Structure formats: C-alpha cells, structure tokens
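I have placed the structure first, in the form of structure tokens, so that the comments after it can refer back to it.
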Amino acid sequence: MYLDIDTFSTILKSTPLISIDLLVENQQNKFLLGMRSNQPARNYWFVPGGRIYKNESIGKSFDRIAREEFGKSFSIENAKLLGLFEHFYDNSAVSESISTHYVVIAYKLKVDKLVDLPDHQHSAYKWFSKNELLSCNDVHHYTKAYLV
C-alpha cells in the first residue's frame, strides 16, 4: 500500500518499519548491490529490499519486492532466512530530520542471472565478491552485517 507523505511521516515518527532485504548471490559467488539514490543510506552500496505493506504476507511481500527490485519474481521458498536485523538512521526518505527504524527480515537468494534491473531506487548496480564487499568503504555497514 502506497502511503501519502503526511501519513508516512507520522508512521516514521511513531513506529518501526518492517522490511525485507535480499542478499543476492550469483553462480560466481558474487553479491548484487545497488547504489542507493534515496535516503536513508543514499550514496551507499546496499542490498535490494523494501518494506512490508499492511495486510501483505511475508511471502507476498518477498515476491513483490523481488519483482520491483529485479523485474522478475522469485519465491520465498527458494531463499534462505538469514535472520532478523535492526537498522537505525538519523534521516528518512521524507525528511532529514525524521529518523527511520527498520526491523529487517533478511534472506539470501541464489540466482543464475539478472538483466534489465529497474533503476527507481538505485543509480547503478554492481556484483561484489565477499572480500570486495567487506573491504569497500562505500558499502553500507548494515549490508556488511549480512556477511559477517
């Protein structure tokens, strides 16, 4: 469910968001990251993901987020649960002065190939080896946490 900015701002001020992050690994054991073009975490390499909507099951959210992030559906049954994580930011997608708190359900997803990735949340995409990902200063520390 898309929310108007006033409603979303009130939610951000009042409660955590529940989201799904996807650590996507290809057959060469490299991980797909996108350069975030919006806040929070703008200008960092970050895993694809998105928030869960009200009255949307985790499985349906997983499928929708995969379609939005990759232009292709993936089933949650083909993913491995990495666990629950929390992300805290001083800013948000709507304001530099409204903080964001995410409760994240993280999954690892193995893929053969992805093409024509959408660009509404990321200005670029790149495949990183584990060592590259962990040593790159432009990879967000919340993304690194999925591999340590």
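The values are calculated or read from the model by the stated rules, or taken from the named source; none is laboratory data. All figures in this text were calculated on a predicted structure; none of them were measured in a lab. For neighbour counting, all protein chains shown are included, and Cβ atoms are generated from backbone atoms with ideal geometry for every residue, glycine included. Note: accessible area is taken over every heavy atom of the protein model, side chains too, but ligands, DNA and RNA are not part of it. Shrake-Rupley method; radii C 1.70, N 1.55, O 1.52, S 1.80 Å.
Brief remarks on what is shown
- With semi-axes defined as the square roots of five times the eigenvalues of the C-alpha gyration tensor, the equivalent ellipsoid of the chain measures 24, 18, 14 Å, largest first.
- Within segment 63-128, chymotrypsin sites (Phe, Trp or Tyr not before Pro) in DSSP loop having at most 11 other beta-carbon neighbours inside 10 Å: none
- All Cα pairs of segment 1-48, percent lying beyond 15 Å: 63
- For segment 78-148, fraction of C-alpha pairs farther apart than 19 Å, in %: 53
- Principal-axis analysis of the Cα atoms of the chain puts helix 58-70 at an angle of about 70° to the longest axis.
- Just checking the listed ones, ASP116, ASP90, ASP138: in the Gaussian network model of the chain with Cα springs under 10 Å, the one fluctuating most is ASP116.
- Expressed as a fraction of 2.2 N^0.38 Å, the C-alpha radius of gyration for segment 64-111 is 1.45.
- When only Cα pairs below 8 angstrom with a gap of at least 6 residues are kept, segment 1-138 shows a relative contact order of 35 percent.
- Within the assembled protein chains, the solvent-accessible surface assigned to VAL47 is about 10 Å², based on a 1.4 Å probe.
- Members of LYS54/LYS108; LYS72/LYS113; LYS13/LYS144; LYS60/LYS80; LYS54/LYS144 lying beyond 18 Å, as alpha-carbon distances in this model show: LYS54/LYS108; LYS13/LYS144; LYS54/LYS144
- For LYS13, the solvent-accessible surface computed with a 1.4 Å probe is close to 150 Å², ligands and nucleic acids excluded.
- The relative contact order of segment 54-115 comes to 28 percent, based on Cα pairs under 8 Å that sit 6 or more residues apart.
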